[in-house]
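First comes the structure, then the notes that go with it.
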Amino acid sequence: MSKTRIDKNKINNLLFLVEAFDGYTTGRNVDLKKVKIKLEEVKDIIKHGIDKNEQRKIFETVDYIINLPSKDSRARFYAKIFLITKFLLRIFIFIFMFSIIYIFSFGYLDFNLLILLGWCVVAVIFFRWFALTKVLEFYEKELKFQESKIKFLKEMAQRIIYFISENKEKWGIKTKDLRLHLYNYDYKKVKVIKKPGLLREYYLVEVN
């Protein structure tokens, strides 16, 4: 079989879209702008698999799911806490790493300050985890009433999986390079490599 070259970025974009659509079904939301960009970048190879009307429906469905917490004051509160702590975590980790570099470069830094920064990172991680847990609990309850939307997103993910599976040999892509992090494992043409564990909530799968 003759192989057809394909930009590796396009393969990564396809895998990203599968993970994004799957994640939305459990409240693990990805920035909608990023999804639109990825769809735009692969539109030339999936135009027959997902048409413009379906893409519009994807955007509408995703936008609805992302904004679900805004309809509940408690969920909205925890969603804000999650976003704030996500931002703070980046800042504190940057400062903490800069402090470590400073110590090795100049050999001096107030270790009390370093310990304080370390505890700040731990505290932010805890509150981020707690807020995320509460948001996911809200989604778990609410998405039970959105079966049609969940079914649609999983169908879109399945189509891309089929598309990758049907073309991987033609593209010369190895199965080990087609790994996905999914929260649902009931898709066809995937093989579960690792199940969720203590530090991993998702299934690691390969497109076969």
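The values are calculated or read from the model by the stated rules, or taken from the named source; none is laboratory data. All values derive from a computational prediction rather than experimental measurement. Reconstructed Cβ throughout: ideal geometry from the backbone, glycine too, with neighbour counts over all protein chains shown.
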Practice problem: Would you be able to say whether some residue in segment 162-171 is surrounded by 12 or more Cβ atoms within 10 Å (Cβ to Cβ), in a helix (DSSP H, G or I) and of a type in the set (Ser, Thr, Tyr)? | Solution: yes
Quiz prompt | Single unsatisfied condition, residue 30 versus (1) of a type in the set (A, V, I, L, M, F, W, C); (2) farther than 30 Å from residue 123 by Cα; (3) outside any helix (DSSP H, G or I) | solution = (2)
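Out of the residues in segment 79-124 that are among the polar types (S, T, N, Q) and more than 26 Å from residue 142 (Cβ to Cβ), state the one that is surrounded by the most Cβ atoms within 10 Å (Cβ to Cβ). Step through it out loud before you land on a result.
Here is the first cut: in segment 79-124, the residues among the polar types (S, T, N, Q) are 85, 99, 105, 112.
In the following step, the residues that additionally are more than 26 Å from residue 142 (Cβ to Cβ) were identified as 99, 105, 112.
Working: 99: 16, 105: 9, 112: 8.
Out of the qualifying residues, it is 99.
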Quiz item: How many residues, within segment 1-47, are under 27 Å from residue 139 (Cβ atoms), loosely packed, with under 14 Cβ neighbours inside 10 Å and touching a residue at least 24 places away in the same chain (Cβ under 8 Å)?
Solution: 0
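Would you mind stating whether residue 50 is crowded, with 19+ Cβ neighbours inside 10 Å, touching a residue at least 40 places away in the same chain (Cβ under 8 Å) and in a helix (DSSP H, G or I)? First the steps, then the outcome.
Details: crowded, with 19+ Cβ neighbours inside 10 Å: yes; touching a residue at least 40 places away in the same chain (Cβ under 8 Å): yes; in a helix (DSSP H, G or I): no.
So residue 50 fails the test.
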Quiz item: Among all residue pairs at least 6 apart or on different chains, which show Cβ distances below 6 Å where the first residue, located in segment 80-98, is assigned to a helix (DSSP H, G or I) and the second is modelled with pLDDT of 90 or more and aromatic (Phe, Trp, Tyr)?
Solution: 85/127
Exercise. Being of a type outside the set (Lys, Arg), surrounded by fewer than 16 Cβ atoms within 10 Å (Cβ to Cβ) and either free of Cβ contacts under 8 Å to residues at least 24 places away in the same chain or out of contact with any Asp or Glu (no Cβ under 9 Å at 6 or more places or on another chain) (or both) is the filter here, so list the residues in segment 55-78 that pass it.
Key: 59, 60, 63, 64, 67, 70, 73, 77
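Being charged (D, E, K, R) and within 30 Å of residue 112 (Cα to Cα) narrows it down to one of 71, 52, 86, so name that one.
Details: 71 fails: within 30 Å of residue 112 (Cα to Cα); 52 fails: within 30 Å of residue 112 (Cα to Cα).
One residue alone meets the criteria, 86.
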Practice problem: Say whether the condition of being surrounded by 13 or more Cβ atoms within 10 Å (Cβ to Cβ), over 15 Å from the mean Cα position of the chain (by Cα) and outside any loop (DSSP other than H, G, I, E, B) is met by at least one residue in segment 199-208. | Solution: yes
Quiz item: residue 90 versus (1) modelled with pLDDT under 95; (2) farther than 24 Å from residue 182 by Cβ; (3) more than 18 Å from the chain's Cα centre (by Cα): which is the lone unmet condition?
Solution: (3)
Quiz prompt | Enumeration of residues in segment 99-146 that are of a type in the set (Phe, Trp, Tyr) and free of Cβ contacts under 8 Å to residues at least 60 places away in the same chain | solution = 102, 104, 106, 108, 111, 119, 126, 127, 129, 130, 145
Practice problem: Of the conditions (1) assigned to a helix (DSSP H, G or I); (2) at pLDDT below 95; (3) within 30 Å of residue 150 (Cα to Cα), residue 117 clears all except one; give me its number. | Solution: (3)
Quiz item: Quick one: is residue 127 surrounded by 11 or more Cβ atoms within 10 Å (Cβ to Cβ) and farther than 29 Å from residue 69 by Cβ?
Solution: no
Practice problem: Run down 6, 11 and say which single residue is part of a loop (DSSP other than H, G, I, E, B) and over 24 Å from residue 64 (Cβ atoms). | Solution: 6
